[in-house]
Ligand SMILES: Cc1ncc(COP(=O)(O)O)c(C=O)c1O
């Protein structure tokens with residue numbers, strides 16, 4: 001049996017006709033950049049996330065960049081984040097003219113360890129940038145309390161966490177600004193790149209709207225230099241169609257995860273991903289930790305099970321960040337996660353027979 005890690009063509013069947021109709025509508029209207037489809041999608045995401053304001057942009061990477069600039073990061077000011085995330089989180093800090101400061105992750109959640117943050121703060125710290133990795137929220141209560149005590153901004157990188165919750169609050173509704181990605185492999189993916197930023201603050205919303213469009217709040221009048229980072233109407237129209245199906249897909253992901261938790265729990269040398277109290281995990285990825293990760297990866301691939309390593313090298317050890325002066329061994333949990341974790345198929349299109357095969361293949365590897 002072949003079980004793909006993700007095959008977007010399977011999901012397509014459930015919304016193909018509606019997506020093509022929505023695209024036709026944009027084609028006929030010729031309102032291709034921003035416009036009514038983008039505005040409607042922004043409102044739909046705002047409702048979904050429980051925030052008053054959402055601003056579309058070109059990608060999750062740009063959403064981070066614009067969010068950091070909107071909070072005023074400049075002149076090498078420090079942004080505290082995790083070294084165990086997709087590269088864009090830290091890349092955006094540098095492109096926003098800030099300096100990434102890494103703090104290690106919690107072992108169980110793979111998210112920023114709030115208990116270690118205060119040691120990393122300096123007079124130059126401006127923003128905390130937690131990532132809700134794999135679809136589980138970081139400890140936003142603790143992070144917001146630290147931010148408040150030290151007068152820092154908070155950006156939630158929610159690129160992998162649309163619909164995730166912490167104590168009943170949706171990802172993207174807890175910090176000053178939340179950032180999302182609609183890269184096609186995300187739980188809500190477009191037909192290309194796309195992103196949004198969410199906020200409860202009207203002034204920040206206005207700043208984000210200006211920054212995504214060359215820094216001007218009126219056409220041809222520019223208060224500051226911004227970017228061309230607008231959301232295409234075709235992406236917004238497709239995403240609106242898909243958003244209606246998202247809760248059903250999330251239920252599918254969560255059911256697959258519950259199946260794996262049950263069937264793979266208690267195997268020596270293998271750990272299923274724990275979920276924190278009061279968290280709604282939406283399983284953009286389902287990550288197991290294995291003491292023999294590389295052998296397990298080869299075994300699964302040999303048996304036709306799609307799997308992947310996110311992320312094989314912690315960001316503090318990336319050559320492009322050498323000048324920041326970090327060294328190996330400095331963030332042990334992050335480094336260990338990069339050596340021991342593996343993602344297995346959890347998307348809602350995995351069939352019962354396929355997930356049973358995934359379990360059987362993993363159990364056979366462990367001789368149980
Ligand atoms: C945690 C995280 N941050 C940022 C991004 C960047 O999003 P995009 O690919 O839309 O630029 C991604 C995904 O690609 C991500 O997983």
* To do: For residue 173, state whether it is more than 14 Å from the ligand (Cβ to nearest atom), part of a strand (DSSP E or B), assigned by TED's automatic domain parsing to the domain that holds residue 50 and in contact with a strand residue (DSSP E or B) (Cβ under 9 Å, 6 or more places away or on another chain).
  => no
* Asked: Restricting attention to region 230-252, does a residue exist that is assigned to a loop (DSSP other than H, G, I, E, B), within 13 Å of the ligand (Cβ to nearest atom) and in contact (Cβ under 8 Å) with a residue 60 or more places away in the chain?
  -> yes
* Structure fact -> Looking across region 144-158 at residues that are within 16 Å of the ligand (Cβ to nearest atom) and either without any contact (Cβ under 8 Å) to a residue 60 or more places away in the chain or under 15 Å from residue 48 (Cα atoms) (or both), the single one that is surrounded by the fewest Cβ atoms within 10 Å (Cβ to Cβ) is 154
* Failed item, numbered, when residue 53 is tested on (1) at pLDDT below 95; (2) touching a strand residue (DSSP E or B) at 6+ places or on another chain (Cβ under 7 Å) -> (1)
* Give the residues of region 176-204 that are away from the ligand (no atom under 14 Å from the Cβ) and over 16 Å from residue 131 (Cβ atoms), sorted by residue number. => 199, 200, 201, 202, 203, 204
* To do: Taking the options 287, 282, name whichever one is touching a helix residue (DSSP H, G or I) at 6+ places or on another chain (Cβ under 8 Å), assigned to a loop (DSSP other than H, G, I, E, B), buried (at least 17 other Cβ atoms within 10 Å of the Cβ) and not assigned by TED's automatic domain parsing to the domain that holds residue 45.
  => 282
* In region 58-74, how many are within 21 Å of residue 240 (Cα to Cα) and part of a loop (DSSP other than H, G, I, E, B)? -> 2
* To do: Might you check whether a residue that is part of a helix (DSSP H, G or I) and within 30 Å of residue 99 (Cα to Cα) occurs anywhere in region 341-349?
  => no
* outside the structural domain of residue 282 (by TED's automatic domain parsing) and under 18 Å from residue 198 (Cα atoms), is that true of residue 29? -> no
* Structure fact -> Of the residues in region 104-128 that are over 28 Å from residue 345 (Cα atoms) and touching a residue at least 40 places away in the same chain (Cβ under 8 Å), the one that is surrounded by the fewest Cβ atoms within 10 Å (Cβ to Cβ) is 122
* Structure fact -> Of (1) within 16 Å of the ligand (Cβ to nearest atom); (2) within 23 Å of residue 162 (Cα to Cα), residue 50 fails just (1)
* **Residue identified as in a strand (DSSP E or B), within 15 Å of the ligand (Cβ to nearest atom) and assigned by TED's automatic domain parsing to the domain that holds residue 130 among 55, 94, 80** => 55
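The values are calculated or read from the model by the stated rules, or taken from the named source; none is laboratory data. Everything numeric here is computed off the predicted structure, so don't read it as measured data. For neighbour counting, all protein chains shown are included, and Cβ atoms are generated from backbone atoms with ideal geometry for every residue, glycine included.
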